[in-house]
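Following: one structure in structure tokens, then a few remarks.
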Amino acid sequence: MRSVLAVATLILVLPVSLLANEKEAISKAQGAAGAWLALADSAKYGQSWDESASLFKAAVPRADWERAVKAVRAPLGAVRSRKIRSATFSRTLPGAPDGEYVVIQFDTQFEHKAAAVETVTPMREKDGSWRVSGYFIK
């Protein structure tokens, strides 16, 4: 009887523990996304690449990133407002290795684009830090 009770307790506690870990991951990922976006907002594109996840760096050379993000961001002008729309924890993403990711969508208003959705995807690196592995504006 005790072993059944112990198993039942584990089954109830485990999801709560996983949920707490996901909430903590989301919080840390949001902090990393905010710091990374501040670099992009300040046109510090090379530094944003430097602060990105190793997966990001392996996929996009620094000079290519600087050219591409400047071409997209500069015409939009300054950020007027940015508000989190959603933040979702995931262990799998299409086209990416399994890991720990948080897909964060922001409703963003730029000087020259009134309504945009920015998607920032931080991932947990091997050292435990959270760094941006993807960025997209729609």
Output yes when any residue across segment 97-109 is at negative phi, of a type in the set (A, V, I, L, M) and either in a helix (DSSP H, G or I) or touching a Pro at 6+ places or on another chain (Cβ under 6 Å) (or both), and no when none is. yes
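Just to be sure before I move on: is R85 part of a strand (DSSP E or B) and closer than 20 Å to K44 by Cβ in the structure I sent?
no
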Check R80, R124, R73 and return the single one that is surrounded by 11 or more Cβ atoms within 10 Å (Cβ to Cβ) and under 13 Å from the mean Cα position of the chain (by Cα). R124
Quick one: what pairs do we get from segment 46-66, first residue assigned to a loop (DSSP other than H, G, I, E, B), second of a type in the set (S, T, Y), C-beta under 6 Å, 6+ apart or different chains? A53/S133
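Does at least one position in segment 112-122 carry a residue that is more than 17 Å from A35 (Cα to Cα) and touching a Ser or Thr at 6+ places or on another chain (Cβ under 6 Å)?
yes
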Checked segment 94-121 for anything at pLDDT below 95 and either surrounded by 15 or more Cβ atoms within 10 Å (Cβ to Cβ) or of a type in the set (S, T, N, Q) (or both); matches are A96
Considering only segment 49-61, I want to know if a residue exists there that is more than 19 Å from the chain's Cα centre (by Cα) and either under 25 Å from A87 (Cα atoms) or at pLDDT 95 or above (or both). yes
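The values are calculated or read from the model by the stated rules, or taken from the named source; none is laboratory data. None of the values given here were measured: they were computed from a predicted structure. All Cβ positions, even for glycine, are placed from backbone atoms using ideal geometry, and neighbour counts span all protein chains on display.
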